[in-house]
Amino acid sequence: MKTLSKLVSTSSVSLLVITSPVLISSNHKKIEVSTSTAVIAATYHIPVLTDNNFKNFKYSSPELNASVAEKVTDEDKAPDFNASAAVRKAFEVKMVIKQALTLYDSMKLDQSGLNQKAFEYAWRGYHNLLKQGKLKKSSVLTVCDFTQSSSNKRMYVIDVAHRKLLYNTYVSHGMNSGVEYATSFSNKANSFKSSLGFFITSKTYFGRNGLSLKVQGLEKGYNDLAAKRHIVLHGSDYITPEYLKDNGEMGRSLGCAAMPNVMSPKIIKTIKNGSCLFIYHPTVNYLTHSNVING
């Protein structure tokens, strides 16, 4: 960062050119500073677009650059290096939200039913985990949108590097979290409820549900006991259109995120070993206190 500081003056901030299609990782060697005019300080470690200023962000993807240029008409000035931490953080959050909205539109995620806020919060957490170097596999982001009915395809596996939706399928919630909709969540053993928040995927194993995927909960009080509760991703025959038709409702789990058997092996192999998983519900207490979203 000392080298970078010499490249920028105190009156302006050089433009970031992100050479990796996966935005900014914890490896800042991938960031180059151009001589173009100014907007975002590299010290902010902002990896993507979002709320009000993305005009001067450049990514390796020409399609994303074009869409940003078309959509962004206003321009906010980045704070200088001497601005308070709170001001810099506020700007960073604003940028990340703008990036999320741009990506949401460019991938047409509304057409698949994904709640815009679900993706926005997912992207904010993903950004922070990237910045902290916690993601071994940053090319994929998985969102379970629990604002939706269990009869909807509410699991989304997104290829971040190529900005496309890889998989969109059904996913169960815990039997004590609700019937059609998940409305109640827990981090306690034997609660048979789903847990909210951010997880990092781990290793696979073969259990009674076939190929299954372990996950590590990252948020104390919300999902950090997931491993002890044996919360995993696995396939099941109770989370299918056929089951819904025969029973009038989708099946529910003991807290695990169960997927259709036909889809689970593909998804598990895609997201295993260090990618970001986010289970979303607009629970105010969680959104307000999440250390990942607000980190």
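Only the coordinates and a few stated rules stand behind these numbers; no lab work does. Just so we're clear, the structure is a prediction, and the values are computed from it rather than from any experiment. Counting neighbours? That spans all protein chains shown, and the Cβs are built from the backbone with ideal geometry, glycine included.
Sorting check: for 191-199, 224-232, 131-139, 84-92, which peptide has the highest mean count of neighbouring beta carbons within 10 Å, and how do the rest follow?
Highest to lowest by the protection proxy: 191-199, 224-232, 131-139, 84-92.
At 7 Å along Cα-to-Cβ for each site, give me the label-to-label distance between K245 and A189 in nm.
4.2 nm
For a 24 Å ceiling on Cα separation, which of these pairs sit above it: K94/K136; K134/K220; K164/K220; K89/K153; K94/K272?
K94/K136; K164/K220; K89/K153; K94/K272
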